[in-house]
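The values are calculated or read from the model by the stated rules, or taken from the named source; none is laboratory data. Source: prediction; values computed, not measured. In this analysis, Cβ positions are derived from the backbone assuming ideal geometry, glycine residues included, and neighbour counts consider all displayed protein chains.
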2 protein chains.
Amino acid sequence: MFERLHRYLPILDWSRTYTRDTLSNDMLAAVIVTIMLIPQSLAYAMLAGLPPEAGIYASIAPILLYAIFGTSRALAVGPVAVVSLMTAAAVGQVAEQGTMGYAAAALTLALLSGLFLLAMGLFRLGFLASFLSHPVIVGFITASGLLIAASQLRHVLGIEAHGHTLPQMLGSLAGNLGDTNIATLVIGALAMAFLFWVRKGLKPLLLSLGLRPKLADVVTKAGPVAAVLVTTLAVWAFRLDEAGVRIVGSVPQSLPPLTMPDLSFDLIEMLAVPALLISIIGFVESISVAQTFASKKRQRVDPDQELIGLGAANIGAAFTGGYPVTGGFARSVVNFDAGAETPAAGAFTAIGLAIAAVALTPLVYFLPTATLAATIIVAVLGLVDFRALARIWPYSKSDFAAQLATILLTLGFGVEVGIVAGVGLSITLHLYRTSRPHCAVIGQVPGTEHFRNTDRHCVVTSPRIHMLRVDESLYFPNARFLQDRIYADVARNRAIRHVVLQCSAVNAIDASALEALEEINHHLKDSGVTFHLSEVKGPVMDRLQRTTFVEDLTGQIYLTQYDAFEALDPGLARVALKDPRTAATCHGLQ
Amino acid sequence: MFERLHRYLPILDWSRTYTRDTLSNDMLAAVIVTIMLIPQSLAYAMLAGLPPEAGIYASIAPILLYAIFGTSRALAVGPVAVVSLMTAAAVGQVAEQGTMGYAAAALTLALLSGLFLLAMGLFRLGFLASFLSHPVIVGFITASGLLIAASQLRHVLGIEAHGHTLPQMLGSLAGNLGDTNIATLVIGALAMAFLFWVRKGLKPLLLSLGLRPKLADVVTKAGPVAAVLVTTLAVWAFRLDEAGVRIVGSVPQSLPPLTMPDLSFDLIEMLAVPALLISIIGFVESISVAQTFASKKRQRVDPDQELIGLGAANIGAAFTGGYPVTGGFARSVVNFDAGAETPAAGAFTAIGLAIAAVALTPLVYFLPTATLAATIIVAVLGLVDFRALARIWPYSKSDFAAQLATILLTLGFGVEVGIVAGVGLSITLHLYRTSRPHCAVIGQVPGTEHFRNTDRHCVVTSPRIHMLRVDESLYFPNARFLQDRIYADVARNRAIRHVVLQCSAVNAIDASALEALEEINHHLKDSGVTFHLSEVKGPVMDRLQRTTFVEDLTGQIYLTQYDAFEALDPGLARVALKDPRTAATCHGLQ
């Protein structure tokens, strides 16, 4: 019972060894992270199409809940770029931005993805996330980065624009380009230039000025805070809001409110699929971040428990005025670099943000949305990685195809189509590859008991004995392939009297493949050919023995391929074994 | 060019060796098959909800086109039970039975599935059919058989009933049971009893009477023809149609008409998915039948060319008043047993059916639909195979689950939901299985260079060296699993300084798994652990060498596991090799 509690409440583990030193490290980290998180939270709420305070609320309860249920000690949970974009796409389909219905639907979305995550954790379905192949994830993140940057350009230009795909966004931007507000553009462009410089040029400069690397890091990460401060002051000093610069305006001063997600059946039906996609994408992002930090400290992250932690965080967001959240890389890096040691640092950050929500929101009244857009654009362009395409091309053409398709479909048809098509394509290509496994006709290497591909080696073969090695487990995608291949070989070569299938690379045989083997056996029998297996692995053999296949087999199951060859053509096999100069055929080699 | 023509027109192959003997065999077969096919064609048209002549038309042009483009010499193409049921389900969603729109939609469905088949053949996408695992096909056919039988019960009872799922059909039947027509029920029940007896009892009787087995076979197969003759005569003699027995009535006397499928965009959109499912199911049924017969004569069936043949057949059906067709088992058996030698037999059958369509349709005027329903019910109950569930259970629980789910979902939600869910579940379970492959911690068997699972054997291990064997190719479904597993092992056991991954069972490493290996290497480096591989297969190594992985690897890639162990702990490995009595640990064995 107690052990079970431990499994579901990791807080019981780390809280027992909590010391005064850990406490002061955690508190210091929390102060730094709080300051960094305020502009980030406002910006991502804007990206999601929600009022700015939603971003802060979404960072409070979720952090606390993750601290109780999560296993990563450095992960910071809250709004992140890709999930915010997906939220905007999903909620935008059911409600108009800026309406009450929009915010309520975002709560429902958070609740649904929380429930999906929780269910996946309780039923140990974390493996579902592995259906996202790495090339698809990289492609999706690159495309999402571009979509996010495009969606924020309107704030930098001070114009209206809409759409959830790149063509829609660019078309809409181009149409309204005439309305550009010069003051907004100046602020946005300067903020972007500054932030790019902070990213690329500031740290080397600080280091060359003799700053300690750690301090240089923190100063560099404070770039967005500096941009926020300076542009806010500029707007206030010159009353640029009266010149048409859009500002954040008044944000309610309040602790996260208790909110009730809209549970109408229609809404749930429309948001279920997007919520599932958000949970899976969020989980993949979060677990990657968590594992990166865990390995640095040789700690362990439990994927199923992570699902529960993220599920609790999202459910918390749903009831406290937030929207879908996950563990984010940017905020976790800040947390880790600032010296956070336990999830308690997250709890302290939550307290800091709660204080900010109550006391500091008047300070962002004059903050221009162009600055927030600039921080988002600079952050997400770091996610765009087209060189991944070039790296993957020489290694695997099918992975390249999956990645390119994911990028193009995400840009052209939006995040949901992109990710679903990417997953579908990965799975299809994977099944396609396993559906036609590498098969080699083999023969005996003279002077040895080894058998090798006749296309690559000079080997001894018998026209009566067809020896085939299949380099893949046998399951339904390739069951028919194997049948087709063997039938074709036997139909083409009428001298064949025995077929021997070498199974040294067969790790499993499923029911479809078993049926195929039974049919091969039966059909070869009709053609007067005997069917044998060799080198069947232990666990595979254990299963076969539970069926009638072994007794129905017209031939034998041999321990080694040499045993098979020797039993079927003793003269040839033994001569070939003794004499390395036995006449061998060299098909593939001239 | 000529060779290319040969590939796409198999008729050029067999027509060159056509003799007078072959001709007479083919013609005799055609006469027998024509007689058998008339009631079958009428019955399946009724099952599809179409007028009876549609079944005959669907057997003429398709047979001719398949004779030109198909590769199987015995396959008989035309309406079959499962495809007729799927047609009824698909067309029933867009039009009312008995209307012009219904027949037109059936033509569109045939055209679309013909185009899908043709496209799959030209683009060599036949592997798509292998996504249907064997347990799913068996489950689907069992459930379809039950659905078909249930759908025909209304004709045997002489009542109205509707629905595309078992609960709907049974509910509808139960509600109208009071309207049962006694005369119809008597005819239907007697026909069913007769046909069951023909199936089970007649052949042994004929054999015991001294008939030759071949003749006994043909007489047995003529059972439905006898039932049709007797019941038609009975209805005519006693004017049972006036007592409420429903009859086929007047069928137009005509050659297949030239028809134009309805090509409206809405209709195509609604029928596209059902058409794709029908093509795939039809292809799977047809190719299985074709292969069964081909292997008997050691002939070869080319799956991609079969797709083209079936595609042409369906397109032909669309333009000649038919509906979706495929190669059927029942009609092919008749063809084969009757002695058909080449596709010309099919062409002669087509001529026979054309004559029947023009001249013989008045003869079926008094044929009661109850008899046709009885022939269908008796035929399809032969497809129902619940024992398959019992056979599969001991071999594979996950295949059992896929089969059971397919049966229940097909019965409960109809053919389309059933087959899609079955395919989805097979793929998910397959990915699930490969997502957590068998992994073994291995050690050296004393006195040998062999390494075995520490849980099953007494082996020599070093606490500093963690040796792991993974029994599966590495690709995206299991990439994260491998990471999780290695990180967990290393986090749990802090003495580990080296991890050696034995890759003897790894047939492929995709881009996701390569990324995972790179991350493992990187993260182990952060933890101060060196990462090695051993026994990497040639083709896998070739690919790895195209990346930077090999140079970035903190450890080595060893040819054998022993080489790795010897390099990392020379003392222990060599002592263990020499002395079979080296102290070994026996974890799993007490």
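In segment B:400-417, what count of residues is obtained for those that are of a type outside the set (Val, Ile, Thr) and at pLDDT below 90?
Matching residues across segment B:400-417 total 2.
Among the numbered criteria (1) crowded, with 19+ Cβ neighbours inside 10 Å; (2) over 46 Å from the mean Cα position of the chain (by Cα); (3) within 12 Å of another protein chain (Cβ to nearest Cβ); (4) modelled with pLDDT under 90, which single criterion is violated by residue B:529?
Going through (1) crowded, with 19+ Cβ neighbours inside 10 Å; (2) over 46 Å from the mean Cα position of the chain (by Cα); (3) within 12 Å of another protein chain (Cβ to nearest Cβ); (4) modelled with pLDDT under 90 one by one, residue B:529 breaks only (4).
When you go through A:530, A:585 one by one, which is the residue that is over 28 Å from residue B:389 (Cα atoms), touching a Cys at 6+ places or on another chain (Cβ under 9 Å) and of a type in the set (Ser, Thr, Tyr)?
A:585
Can you spot a residue in segment B:381-389 that is aromatic (Phe, Trp, Tyr) and either at positive phi or part of a loop (DSSP other than H, G, I, E, B) (or both)?
Yes, there is a match, as at least one residue in segment B:381-389 is aromatic (Phe, Trp, Tyr) and either at positive phi or part of a loop (DSSP other than H, G, I, E, B) (or both).
Of all residues in segment B:152-195, how many are of a type outside the set (A, V, I, L, M, F, W, C) and part of a helix (DSSP H, G or I)?
Residues flagged as of a type outside the set (A, V, I, L, M, F, W, C) and part of a helix (DSSP H, G or I) within segment B:152-195 amount to 12.
Going by what's in this entry, would residue A:420 be described as surrounded by fewer than 19 Cβ atoms within 10 Å (Cβ to Cβ) and under 25 Å from residue A:391 (Cα atoms)?
yes
For the list (1) in contact with a helix residue (DSSP H, G or I) (Cβ under 7 Å, 6 or more places away or on another chain); (2) in a loop (DSSP other than H, G, I, E, B), I need the number of the one condition that residue A:478 fails.
(2) is the only condition that residue A:478 fails.
Output yes when any residue across segment B:371-382 is closer than 30 Å to residue B:429 by Cβ, of a type in the set (A, V, I, L, M) and more than 14 Å from every other protein chain (Cβ to nearest Cβ), and no when none is.
Looking through segment B:371-382, at least one residue is closer than 30 Å to residue B:429 by Cβ, of a type in the set (A, V, I, L, M) and more than 14 Å from every other protein chain (Cβ to nearest Cβ).
Given (1) under 30 Å from residue A:55 (Cα atoms); (2) within 24 Å of the chain's Cα centre (by Cα); (3) touching a residue at least 12 places away in the same chain (Cβ under 8 Å), identify the lone condition not met by residue A:356.
Condition (2) is where residue A:356 drops out.
Residues are listed down the side, and each one gets a yes or a no for (1) more than 22 Å from residue A:266 (Cβ to Cβ); (2) away from every other protein chain (no Cβ under 14 Å); (3) not in a helix (DSSP H, G or I):
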{"residue": "A:104", "(1), (2), (3)": "no, yes, no"}
{"residue": "A:108", "(1), (2), (3)": "no, yes, no"}
{"residue": "A:113", "(1), (2), (3)": "no, yes, no"}
{"residue": "A:118", "(1), (2), (3)": "yes, yes, no"}
{"residue": "A:124", "(1), (2), (3)": "yes, no, yes"}
{"residue": "A:130", "(1), (2), (3)": "yes, no, no"}
{"residue": "A:136", "(1), (2), (3)": "yes, no, no"}
{"residue": "A:139", "(1), (2), (3)": "yes, no, no"}
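Being under 24 Å from residue A:335 (Cα atoms) and assigned to a helix (DSSP H, G or I): is that true of residue A:237 here?
It is false that residue A:237 is under 24 Å from residue A:335 (Cα atoms) and assigned to a helix (DSSP H, G or I).
Restricting the first residue to segment B:76-89 and requiring it to be without any contact (Cβ under 8 Å) to a residue 40 or more places away in the chain and more than 19 Å from residue B:39 (Cα to Cα), which pairs with a second residue that is part of a helix (DSSP H, G or I) and of a type in the set (S, T, N, Q) meet a Cβ separation below 9 Å and a spacing of at least six or different chains?
If the second residue must be part of a helix (DSSP H, G or I) and of a type in the set (S, T, N, Q), no pairs are left.
Is it the case that some residue within segment A:579-589 is more than 9 Å from every other protein chain (Cβ to nearest Cβ), surrounded by fewer than 17 Cβ atoms within 10 Å (Cβ to Cβ) and part of a helix (DSSP H, G or I)?
No; the residues of segment A:579-589 include none that is more than 9 Å from every other protein chain (Cβ to nearest Cβ), surrounded by fewer than 17 Cβ atoms within 10 Å (Cβ to Cβ) and part of a helix (DSSP H, G or I).
Check segment B:312-328 and report whether any residue there is assigned by TED's automatic domain parsing to the domain that holds residue B:221, part of a helix (DSSP H, G or I), among the polar types (S, T, N, Q) and at pLDDT below 85.
no
With (1) surrounded by 15 or more Cβ atoms within 10 Å (Cβ to Cβ); (2) part of a helix (DSSP H, G or I) as the list, and residue B:262 as the residue in question, which single condition is left unmet?
With (1) surrounded by 15 or more Cβ atoms within 10 Å (Cβ to Cβ); (2) part of a helix (DSSP H, G or I) applied to residue B:262, the lone miss is (2).
Quick check, is residue B:174 under 30 Å from residue A:474 (Cα atoms), in the same structural domain as residue B:225 (by TED's automatic domain parsing) and modelled with pLDDT of 90 or more?
no
Do the conditions hold for residue B:512, that is, is it within 7 Å of chain A (Cβ to nearest Cβ), touching a strand residue (DSSP E or B) at 6+ places or on another chain (Cβ under 9 Å) and buried (at least 24 other Cβ atoms within 10 Å of the Cβ)?
yes
Among (1) in contact with a helix residue (DSSP H, G or I) (Cβ under 7 Å, 6 or more places away or on another chain); (2) away from chain A (no Cβ under 14 Å); (3) not small (Gly, Ala, Ser), where does residue B:547 come up short?
Here residue B:547 meets the rest and fails (2).
Just to be sure before I move on: is residue A:521 surrounded by fewer than 23 Cβ atoms within 10 Å (Cβ to Cβ), in the same structural domain as residue A:564 (by TED's automatic domain parsing) and out of contact with any helix residue (DSSP H, G or I) (no Cβ under 8 Å at 6 or more places or on another chain) in the structure I sent?
Judged against the criteria, residue A:521 is not a match.
Under 8 Å by Cβ, and 6 or more places apart or on different chains, what pairs join a residue from segment B:474-493 that is more than 7 Å from chain A (Cβ to nearest Cβ) and buried (at least 22 other Cβ atoms within 10 Å of the Cβ) with one that is among the acidic types (Asp, Glu) and in a strand (DSSP E or B)?
none
Considering only segment A:393-424, state which residues are away from chain B (no Cβ under 13 Å) and more than 18 Å from the chain's Cα centre (by Cα).
Those that are away from chain B (no Cβ under 13 Å) and more than 18 Å from the chain's Cα centre (by Cα): A:412, A:413.
Conditions first: (1) surrounded by 20 or more Cβ atoms within 10 Å (Cβ to Cβ); (2) closer than 19 Å to residue A:576 by Cβ; (3) within 11 Å of another protein chain (Cβ to nearest Cβ). Residue A:461 passes all but one, so which condition is the exception?
Going through (1) surrounded by 20 or more Cβ atoms within 10 Å (Cβ to Cβ); (2) closer than 19 Å to residue A:576 by Cβ; (3) within 11 Å of another protein chain (Cβ to nearest Cβ) one by one, residue A:461 breaks only (3).
Looking at this structure, is residue B:292 in a helix (DSSP H, G or I), under 26 Å from residue B:380 (Cα atoms) and without any contact (Cβ under 8 Å) to a residue 60 or more places away in the chain?
Judged against the criteria, residue B:292 is a match.
Give the number of residues within segment B:296-335 that are over 18 Å from the mean Cα position of the chain (by Cα) and within 11 Å of chain A (Cβ to nearest Cβ).
Selection size over segment B:296-335: 5.
Determine if segment B:277-293 includes at least one residue that is over 30 Å from residue B:337 (Cβ atoms) and either under 30 Å from the mean Cα position of the chain (by Cα) or within 14 Å of another protein chain (Cβ to nearest Cβ) (or both).
Within segment B:277-293, one or more residues are over 30 Å from residue B:337 (Cβ atoms) and either under 30 Å from the mean Cα position of the chain (by Cα) or within 14 Å of another protein chain (Cβ to nearest Cβ) (or both).
With the checklist (1) in contact (Cβ under 8 Å) with a residue 60 or more places away in the chain; (2) within 24 Å of residue B:44 (Cα to Cα) in hand, flag the one item residue B:417 doesn't pass.
(1)
Between a residue in segment A:96-114 that is modelled with pLDDT under 90 and any residue that is of a type in the set (Ser, Thr, Tyr), which pairs come within a Cβ distance under 7 Å, given they are 6 or more apart or on different chains?
A:96/A:102
Any residue at all in segment A:444-457 that is surrounded by 22 or more Cβ atoms within 10 Å (Cβ to Cβ), outside the structural domain of residue A:35 (by TED's automatic domain parsing), modelled with pLDDT of 90 or more and touching a Cys at 6+ places or on another chain (Cβ under 9 Å)?
no
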